[in-house]
Amino acid sequence: MSIYRKIKKAWAKWWVATLLRVGGVNYRKTKKIWVNWWLSNPEYAIATNSDEHVKRSEMIVNRYALILNGCRSFCELGVGTGRNIHFFHKRFPDWHYCGNDISPDIHDIIRSMYPDLLDYAEITVADTLNYLEVCNDTDIMFTYGHLMHLPDAVIEEVCTLIATKTNRFILIHEGYPHKAGARKESKL
């Protein structure tokens, strides 16, 4: 079994156990869960940069490259290791890049995977709702497997802020389209 599959399986067990332990999901609890997950699972960064994820990121950049010409700014919500920003930057090096992640160690994680990324991207340690309330408008707002982790209590406000802060394109790639929040995302 690949490291990616092992981490994915461990993550699923951990997430279900955590949900049962905290008695459901609210935003404060969700933020705490994710901070603890990042801090207690250093292999997670390696797993999210598996060949499978790298190929997906490259495919996304190639799929949208023609329509994104003329854009000047890119914001990713929940940057993780910075993989997506890295691949967009390879194709569009003149854009302004920014994003957020909830992990207090995100800068160290990014440096370990993409050492120069922080030279061209402003990455803020913040939860998504608070980040969207203060970030600048952007031509492209991007998420990859991020919104699906936000509880329904905040997803409508987050989607409204995404729509308000985005000048041209909203690119959303989520893994759980059946989740209640996905219905809000589809209205963006």
Requested in this report: Amide H neighbours of HIS96 under 5 Å, at least 5 residues apart or on other chains, H built in the peptide plane: list them.
Outcome: SER73, PHE74
Report task. For the stretch 100-113, just list the computed ³J(HN,Hα) in residue order, Karplus coefficients 6.51, -1.76 and 1.60, θ = phi - 60°, integers in Hz, with x standing in for Gly and Pro. Result -> 9, 7, 7, 5, x, 9, 4, 5, 5, 4, 4, 4, 6, 9
Query raised in the report: Given +1 on the Cβ of Lys and Arg, -1 on the Cβ of Asp and Glu, and no further charges, what dipole in debye does the stretch 50-185 carry about its Cα centre, rounded to the nearest 20?
Result: 540
Query raised in the report: Given H placed on each backbone N at 1.01 Å, which residues far from ILE102 in sequence or on other chains put an amide H within less than 5 Å of it?
Result: ALA126
Report summary line: Checked the stretch 61-141 against the a/c 1.5 cut and the a/b vs b/c comparison, axes a ≥ b ≥ c from its Cα gyration tensor; verdict oblate
Query raised in the report: Size of the stretch 50-185 along its principal axes in angstrom, Cα-based, largest extent first?
Result: 36, 34, 31
Requested in this report: Along Cα→Cβ, 7 Å out, is where each label goes; now give me the distance between the ones at TYR120 and LYS90 in nm to one decimal.
Outcome: 1.1
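Values quoted throughout were computed directly from the atomic coordinates according to the rules given, and no laboratory measurement underlies them. Quantities reported herein were computed from a predicted structural model and do not represent experimental measurements. Ideal geometry is used to build each Cβ from the backbone, glycine not excepted, and the neighbour counts take in all protein chains shown.
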